[in-house]
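Quick notes on the structure that follows.
The values are calculated or read from the model by the stated rules, or taken from the named source; none is laboratory data. Since we're looking at a predicted model, the values are computed, not measured. Using ideal geometry, Cβ is built from the backbone for each residue, glycine included, and neighbour counts are taken over all protein chains shown. Side chains included, ligands, DNA and RNA excluded: accessible areas come from the protein's heavy atoms. Shrake-Rupley method; radii C 1.70, N 1.55, O 1.52, S 1.80 Å.
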Amino acid sequence: MKKFFNKLNIIRIAMLLGATIIIMLIMPRADHQSFSYELNQPWKYPLLTAEFDTPILRDSASINRMRDSIEADFIPFAIRRNDIAAENIRRFSTSQHAEITPAEKNILTSLLNNVYQQGIAEKGLYTKIHTGNNTKIRTLSEERKDVPPVIRTQEGNSLLTSKQAFDYVDSAYSAATGIKRGEMKASLARSLTAVIAPDVLLDSVNDTKYRNQELLNVSGALGVIKKGQRIVDRGEIINRQIFTNLNTYQELLQSKRAETTTNYYFYLGQGLYILICWLILYIFLAIYRKEFYANLRKMTFLVCYITFFTVVAALVLEWNPTALSLIPFAAVPVIVMVFFDSRTAIFSLLVCVLMMGLIATYQFQFVFLELTAGLAATFSINHLSKRSQLLRTAIVTLAVYCLAYTALTIATDGNLDNFSPRLILFFFFNSLILSFAYILVLIVEKCFGFTSMVTLVELSDINNPLLRRLAEEAPGTFQHSMQVSTLAAEAARAIGANTQLVRTGALYHDIGKLESPIFFTENQHGINPHAGLNPETSAHKIISHVTNGLTLASKAKLPQVIKDFISQHHGKGLAKYFYNTAVNNAPEGEEVDPTLFQYPGPNPQSKETAILMMADSVEAASRSLKDYTRESIDNLVNKIIDTQIADGLFKESPLSFADVETIKDTFKKRLATIYHTRIAYPTINK
């Protein structure tokens with residue numbers, strides 16, 4: 001139990017739970033699937049049945065038509081103010097008018113009585129009567145308090161406006177008195193205008209009340225879809241009524257969620273689903289990729305990268321479900337494969353797509369499309385060594401997207417009537433974004449300290465400033481590094497190790513010799529500076545090329561994997577030439593301290609650095625052979641590698657005995673090819 005709850009496992013569990021919580025917080029809150037649908041388009045989902053009674057409402061077009069009809073046919077409500085008529089007639093009859101005779105005044109009073117009996121409507125009410133389909137008005141009277149009010153309908157076409165009432169009085173007065181129309185004295189006209197006021201007014205309270213009641217009937221339910229009844233089935237064209245029913249169902253669904261308490265079972269199920277997806281990846285790594293599972297930095301990257309992609313996709317889905325097709329899920333395996341391997345990349349894609357499949361709009365279609373496109377991207381790229389490979393991968397991914405989408409459309413609809421060119425355009429932009437995944441590679445390298453194959457290829461260019469300097473200042477060391485690079489790469493390929501990593505690491509493993517190139521045999525031309533030095537000093541000069549190399553690598557900002565080749569290519573071995581010299585020169589009985597002749601190490605930690613140690617020693621020793629027979633080469637390779645094994649230099653590397661034998665055979669064949677016997681060209685005797 002204590003072994004399980006160690007520091008590394010606790011961190012792994014914390015990352016697992018943290019990623020699960022983050023994804024759950026970002027995912028949509030709905031505890032039912034959300035749907036995306038359009039008017040006059042087929043329903044893409046399976047049969048949808050109502051989870052509760054749902055009213056059938058009219059569609060918006062029908063509602064607008066009925067509203068317009070009600071507005072046109074509505075009979076306005078009015079109120080008759082008899083007190084206004086009585087008061088105005090009284091005011092006129094009791095007022096003094098010197099410009100007219102009492103008889104004329106009686107005529108005008110009678111005329112006022114007539115127009116008020118006919119009714120004078122206010123301007124707004126008059127407009128309503130004469131612009132609608134009805135010329136009637138309704139009045140509401142309360143005959144008794146314990147009895148509901150009575151609504152009476154009467155003709156409203158006879159109602160006058162204030163101007164029409166004045167014109168009527170003026171015309172009738174002219175006919176009765178003989179005065180020409182329009183020649184009424186101004187003071188009398190002003191008096192009449194003052195007492196001619198609307199007595200039939202718009203009853204705004206009751207008019208609004210009854211108008212809204214009639215409009216409410218329009219928006220009322222036509223019927224009910226009972227719980228369990230069909231709302232829409234797959235392939236059915238969404239007409240206006242079905243579209244309205246779906247909107248009503250979605251709105252009621254949202255309101256019910258808001259009213260009810262949180263469905264903890266839903267969140268529990270969602271959390272378990274995400275945990276299971278993560279466990280798929282964790283178990284795979286723990287069983288089949290132990291080196292990745294044990295590496296906390298690599299585990300952190302995997303969890304963070306998959307979480308990042310899932311969170312971004314969830315946010316895009318929340319914003320616009322259709323835009324989910326723009327997310328390049330194929331970038332998940334592509335980037336993972338750059339720093340891991342193809343199987344880990346495929347499992348990462350599977351986990352990411354399964355988690356998004358929980359909330360995707362078209363779940364089956366989404367999983368099928370993204371898995372096929374992601375797998376195609378994985379198979380097409382294999383080893384990313386050039387940026388141009390991403391363009392090829394993007395083209396392959398686009399082709400697979402289009403093919404898979406076409407297959408899905410035919411399989412679900414039986415034809416291509418609903419084939420969406422817009423979705424193809426989305427796939428195009430998706431693949432275009434994928435072609436820029438190299439930017440993600442650079443970001444990951446900077447954030448997590450990884451080294452991609454592209455970076456290794458760039459570093460292995462002999463025009464690199466550091467290698468150029470090595471070729472100019474220490475040409476012997478440069479040639480040695482080139483030979484070791486070739487030899488180590490062949491061995492790495494033979495046992496399935498990282499060939500490019502070994503090749504690049506070998507080119508840089510001896511850059512520390514730039515500080516004092518003359519002290520190394522391959523750069524000497526008849527002058528040996530060690531001749532006047534004691535073995536300890538000479539050993540220090542030789543050993544220091546490791547520390548000097550690490551310093552140069554740091555200044556040149558070389559990645560850590562290259563620094564590992566510099567520090568591990570001698571491991572904790574001894575500078576044996578000078579150690580043996582010191583032992584031989586020491587007085588009898590005096591012991592020589594071996595630590596003075598020991599490299600700082602560490603010993604090789606990977607297959608690649610172990611291969612380099614073997615290749616470095618074998619290539620250097622092969623130059624001292626007097627004859628290059630197959631037997632002498634075999635003996636040399638066996639002696640050097642067996643000695644390194646006996647010294648325990650490979651105990652920390654994952655090399656197997658079978659790997660060692662394969663490496664030996666590769667070295668022997670390669671050296672035999674390099675140092676094969678050449679025939680002597682004959683000379684001309686005549």
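So, how do all the Cα-to-Cα distances of the stretch 402-481 break down into 5 Å bins, in percent, from 0 on up?
3, 12, 12, 10, 9, 9, 9, 8, 7, 6, 5, 4, 3, 2, 1
Taking a virtual spin label 7 Å from the Cα of ASN113 along the C-beta vector, which residues in the stretch 163-201 bring their backbone nitrogen under 15 Å of it?
none
Going by Cα centres, the stretch 331-410 and the stretch 615-686 are how many Å apart?
When both Cα centres are located, 45 Å separates them.
Based on alpha-carbon centroids, what's the gap between the stretch 43-65 and the stretch 449-470 in Å, whole number please?
Here the answer is 65 Å between Cα centres.
Just to confirm my numbers, what's the Cα centroid distance between the stretch 507-522 and the stretch 172-193 in Å?
Cα centroid of the stretch 507-522 versus Cα centroid of the stretch 172-193: 127 Å apart.
So what's the Cα pair-distance distribution over the stretch 167-306, bin width 5 Å, in %?
Taking every Cα pair in the stretch 167-306, the percentages come to 2, 6, 7, 7, 6, 6, 6, 6, 6, 6, 5, 4, 5, 5, 4, 4, 2, 2, 2, 2, 2, 2, 1, 1, 0.
Put +1 on the Cβ of each Lys and Arg and -1 on the Cβ of each Asp and Glu in the chain; which of THR310, GLY156, ILE280 then has its Cα farthest toward the positive end of the dipole?
My answer, from the dipole projection, is GLY156.
If you take the charge dipole of the chain about its Cα centre, with +1 on Lys and Arg Cβ and -1 on Asp and Glu Cβ, which of TYR265, ASN239, ASN523 is farthest toward its positive end?
Sorting the options by dipole projection puts first ASN239.
In terms of Cα to Cα distance under 23 Å, which lysines are near enough to LYS576, apart from those fewer than 8 places away along the same chain?
Reachable lysines: LYS513, LYS541, LYS626, LYS639, LYS651, LYS664.
Under unit Cβ charges (Lys, Arg +1; Asp, Glu -1), what dipole magnitude, rounded to 20 debye, does the stretch 427-566 have relative to its Cα centre? Please report the intermediate quantities before stating the final value.
Numbers: 10 positive and 11 negative charges, 48 e Å.
So the dipole magnitude of the stretch 427-566 works out to roughly 240 debye.
How big is the antiparallel share of DSSP beta bridges in the chain, given as a percent to the nearest 5? Mind dumping the intermediate values first?
Numbers: 16 of 20 bridges.
In the chain, approximately 80 percent of DSSP beta bridges are antiparallel ones.
Quick one: dipole size for the stretch 74-219, taken about the Cα centre, charges +1 on Lys/Arg Cβ and -1 on Asp/Glu Cβ, in debye to the nearest 20. Working shown, then result.
On the way: 19 positive and 16 negative charges, 24 e Å.
That gives the stretch 74-219 a dipole magnitude of about 120 debye.
Compute the long axis of helix 240-259 from its Cα atoms, compare it with the longest principal axis of the Cα atoms of the chain, and write down the angle in degrees, 0 to 90, nearest 10.
70
Check the straight Cα-Cα distances from LYS123 and name the lysines below 26 Å, setting aside those fewer than 8 residues away within the same chain.
Straight-distance partners of LYS123: LYS136, LYS163, LYS209.
Just to confirm, what accessible area per residue do you get for the chain at 1.4 Å probe, in whole Å²?
Numbers: 36250 Å² over 686 residues.
Per residue, the chain has an accessible area of 53 Å².
Between LEU315 and THR547, what FRET efficiency comes out of the Förster formula 1/(1 + (r/R0)^6) with R0 = 51 Å and r the beta carbon distance, rounded to 0.05?
Details: r = 49 Å, r/R0 = 0.96.
With a Förster radius of 51 Å, E is 0.55.
Normalising by the residue count of the chain, find the relative contact order in percent from Cα pairs under 8 Å and 6+ residues apart.
Details: 860 pairs, mean separation 78.1, N = 686.
The normalised contact order for the chain reaches 11 percent.
Go through 625-634, 293-302 and give me the packing order, highest mean Cβ count within 10 Å leading. If you can, show how the numbers build up before the last one.
Numbers: 625-634: 13.1, 293-302: 17.2.
The peptides rank, most packed first, as 293-302, 625-634.
I'd like the Karplus ³J(HN,Hα) series for the stretch 600-615: coefficients 6.51, -1.76, 1.60, θ = phi - 60°, whole numbers in Hz, and an x wherever there's a Gly or Pro.
Residue by residue, the stretch 600-615 yields x, x, x, 5, x, 9, 9, 4, 5, 5, 5, 4, 4, 4, 5, 5 Hz.
Using the Kirkwood radius over C-alpha pairs as Rh, can you work out the diffusion coefficient of the stretch 346-412 via Stokes-Einstein at 25 °C, viscosity 0.890 mPa s, in µm² per second? Spell out each step's value before the answer.
On the way: Rh = 12.7 Å.
The diffusion coefficient I find is 193 µm²/s.
Can you tell me how much longer the chain between TYR628 and SER554 gets when fully stretched, taken as 0.36 nm per residue apart minus their C-alpha distance, in nm with one decimal?
Length gained between TYR628 and SER554: 22.7 nm.
Rank ASN430, ILE674, LEU507 by how far each Cα sits towards the positive end of the charge dipole of the chain (+1 on Lys, Arg Cβ; -1 on Asp, Glu Cβ) and give me just the farthest.
Value computed over the given set: ASN430.
With no solvent and one point on each alpha carbon, what is the Debye value of log10 I(q)/I(0) for the chain at q = 0.09, 0.10 Å⁻¹?
-0.94, -1.04
Compute the helix-to-body angle for 342-357: its Cα long axis versus the longest principal axis of the chain, expressed 0 to 90° and rounded to tens.
The two axes meet at around 10 degrees.
For the stretch 515-671, just the Cα atoms, rotate onto the principal axes and tell me the three extents in Å, largest first.
43, 42, 36
Taking all protein chains as present, what is the carbon and sulfur share of the accessible area of the chain, in % to the nearest whole number, probe 1.4 Å? Provide the component values of the computation, followed by the final result.
Details: 20900 of 36250 Å².
Solvent-exposed carbon and sulfur of the chain make up 58 percent of the total.
Per 0.36 nm of contour for each residue apart, how much would the distance between VAL224 and LEU272 grow if the chain were fully extended, relative to their Cα-Cα spacing?
Values: separation 48, 0.36 × 48 = 17.28 nm, distance 3.71 nm.
In short, 13.6 nm is gained.
Using a simple charge model, +1 on the beta-carbon of Lys and Arg, -1 on the beta-carbon of Asp and Glu, nothing else, what dipole does the chain show about its Cα centre, in debye to the nearest 20?
Working: 68 positive and 61 negative charges, 130 e Å.
In total the dipole reaches around 620 debye.
If the cut-off is 12 Å between C-alpha atoms, which aspartates and glutamates fall inside it for LYS572, apart from same-chain ones fewer than 8 positions away?
Correct list for LYS572: ASP647, GLU652.
Specify the angular offset, from 0 to 90 degrees and rounded to the nearest 10, of the alpha carbon long axis of helix 576-585 from the longest principal axis of the alpha carbons in the chain.
Once rounded, one gets 40 degrees.
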